[in-house]
Structure formats: C-alpha cells, structure tokens
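This report refers to the structure that appears directly beneath it.
Every number here is computed from the coordinates shown, using simple stated rules; none is lab data. Just so you know, these numbers come straight off a predicted model, no measurement behind them. Cβ placement follows ideal geometry from the backbone for every residue including glycine, while neighbour counts extend to all protein chains displayed.
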Amino acid sequence: MDGANASVTEASAGELLAEVHAGVATVTLNRPAALNALSFGMLEGLDAWLERWEHDERVRLVVLRGAGDKAFCAGGDVRTLYAEFTQGRDVRRYFEVEYALDHRIHTYPKTIVALIDGIVMGGGMGLAQGAHVRIVGARTRMAMPETAIGLFPDVGGSYFLSRVPGRLGLYLGLVGPTIGAADALYCGLADAYAGAQPMAPGELERLRPAIDEHFSQPGVAAIVASLERESRPAYRDWARDTAAALARRSPTLLAVTFEQLRRGASLPLADCFRMELGLVLACFEHGDFLEGIRALLIDKDNQPRWRPDRLADVTPAMVASFFQPRHSSRMRIP
C-alpha cells in the first residue's frame, strides 16, 4: 500500500487517538466524559506524535479535534493536579510538558488545524491558539476563566491575549467571560467559521468602546472604579455584571494577571512561557489556586477564602514576588 494514501491507525485506544490518512494526521482528544480535559498522559502522547510526524514524509497536515459533541477541550485536569499536590507530589512536570507542547504547536513546521466547535477553555486554548488555522462553529464556547480559581491565564495567554486588539485581551483574561464563534473571530482568536447554521451574532464589537475605556485604567482597582461609574444605558448592565464578576475573583491573581499581560505584550513567545512557568509555581506557593479549586471544583461551596480578600490589600511587593525567578526547570523550549 502507498503509505502516503493509506489509512493508518497510530493509536486506537485510551485518552488519545491518532490516525494518518492521505497525508493528514488527525489527533482526537478522547475523554468526552471529562470534556476532553488534558491528563499528563495526553500531553506527553500528543507531544510524542508531533515529534514523530514532524519528520514523517507521509504527513503534510495535522488536525486536532475533541471526541464527542460537547467540547474540544475544557482545560487541564486540575482536580487531579489538586489531589497530587495535596498528597505531597511534585506537579511541576505537568506544566513543563504542557507549556513546551503549546510552544511546539505555535512553532510547528507543518500546518496544524484546530477544530474547536464546542467548549475550549484553559489548556484547550493552549492547544488551539498555537494552531495555524483555528476553526470555530455554532457550538464554540471559548474562555480563559483561570482567575475564577485563583490562577492566571496561562498556556500562552501572556502572548495571545496581550495581542488581541484594544483592551479586549485584558478583559478576557481578568474577567474570563465565555464567548462564541463571532466574538472569537472578532478578537482574532479564531480564523474561520464552519457550520450548517448561520453564525450567531457576538457582543464584543458592541461593547468594545466601553471595554477599551474601562480596561485602559492603570490597575485593577482603577478598572473596578471606572466600571462602577458607568451610567450609559448601553453599557450600564454589562459594567455592573463585570464589576461583580471581578469582585468574586482572587484579588492577588487579578493584580498578577494585569501585570502578566502588561509584560507579555512585549515578550517573545518563548519568554512568555518561561514567565508563566514561574508564575504557576508561585501560585502553588501562594495558595489561592488550591483554594479556588477546592471551592469551585472539589467542595463546590463557591466560597473561596482568598488571601488577601480585598484588592486594596494587594501590594506591589506581593505582585512582584510572583515574577521572581523560581527553580530551574526541564521545560524544552529553545
């Protein structure tokens, strides 16, 4: 058989399925019951396939997709990370592998297409945003909601959110709203729409003047104060809801995210990932990340006890401590 045209199943069981057919290598994230959340094995497996296909003459194009009809990938498997950390295990390797994989996708020499018709959040955004072609559909629900669990928008968010037009990236990173296909295209976080039904209209273009105004303030507290002053009928409800959402987030990680995206705007891609690895280690040291997972995903009491619990108590020194160098890593980024 002609290897370039044959259908060859590379992996046929487990959390990751891979197949090469007619020059196209397709990887399916295969945890539909968990909305295709990324386990450590999935990260290692996908990285191994990309390494192999980079040098495989049969493969001209790589397609990433999610199993089932609900999600491309809802993020990393944070429940498992929580359990591992609380049992005293070192979780750093998960992020080293994840960030190196995301960087590989961004810089891959062959075209990668991400089919993101469904939920795509967190770690799923890390995979999708590095792809050369990002295709959304009627079911796309995209978000970077990390501040809700005391984290920051990682997986390359320093790079791709800081390059979204105007202040939209800061809004998406701080507040973490879920957007559909039209808004993803408007932000430049998707390249094309595919679907049998017409694309539903978005909201961000209408909100853009208010977002750019309020999120151009010099810090998170100033953003909140600006939102609370909004009185225009077209934006008043949105501003009230946005301020309320920020009030539920970790004050410390809001301030860290603001600084992360400010720095990321002028950093090369690789340096963004290096910065984020230090930040995620700092988040485990600080504690709000673990508390956020507990409150929203484990105990589900939705009452995280942030430290501190007021923006006014977050000092510049606290924020700066997150950006101090951490232990050397084994992250394979050139």
If we ask which residues in the stretch 131-145 are touching a Ser or Thr at 6+ places or on another chain (Cβ under 8 Å) and buried (at least 24 other Cβ atoms within 10 Å of the Cβ), their number turns out to be 1
Screening Ala282, Ala265 for residues that are under 21 Å from the mean Cα position of the chain (by Cα) and more than 30 Å from Ala34 (Cβ to Cβ) leaves only Ala265
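Which residue out of Ile293, Ile223, Ile298 is more than 29 Å from Gly88 (Cβ to Cβ) and β-branched (Val, Ile, Thr)?
Working: Ile293 fails: more than 29 Å from Gly88 (Cβ to Cβ); Ile298 fails: more than 29 Å from Gly88 (Cβ to Cβ).
Answer to the check: Ile223.
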Discussion item. Here is a check on your reading of the model: is Arg330 exposed (fewer than 11 other Cβ atoms within 10 Å of the Cβ) and under 24 Å from Ala243 (Cα atoms)?
Written reply: no
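Among what's in the stretch 31-83 and is of a type in the set (Phe, Trp, Tyr) and touching a strand residue (DSSP E or B) at 6+ places or on another chain (Cβ under 8 Å), pick the residue that is surrounded by the most Cβ atoms within 10 Å (Cβ to Cβ).
Step one: filter the stretch 31-83 for residues of a type in the set (Phe, Trp, Tyr), giving 40, 49, 53, 72, 82.
Checking which are touching a strand residue (DSSP E or B) at 6+ places or on another chain (Cβ under 8 Å) leaves us with 49, 53, 72.
Numbers: Trp49: 20, Trp53: 22, Phe72: 30.
Here the residue is Phe72.
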Across the stretch 146-174, the tally of residues that are surrounded by 24 or more Cβ atoms within 10 Å (Cβ to Cβ) and assigned to a helix (DSSP H, G or I) stands at 13
Only unsatisfied item for Thr315, checking (1) surrounded by fewer than 15 Cβ atoms within 10 Å (Cβ to Cβ); (2) β-branched (Val, Ile, Thr); (3) in contact (Cβ under 8 Å) with a residue 12 or more places away in the chain, is (3)
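Please list, ordered by residue number, the helices (runs of 4 or more DSSP H) wholly in the stretch 262-334 having 1 or more residues that are touching a helix residue (DSSP H, G or I) at 6+ places or on another chain (Cβ under 6 Å) and over 30 Å from Thr107 (Cα atoms). Please lay out each step first, then the result.
Details: elements: 269-286, 288-293, 316-322.
Hits in the stretch 262-334: 288-293, 316-322.
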Q.
Tell me whether the stretch 91-114 contains one or more residues that are without any contact (Cβ under 8 Å) to a residue 40 or more places away in the chain and farther than 24 Å from Leu267 by Cα.
A. no
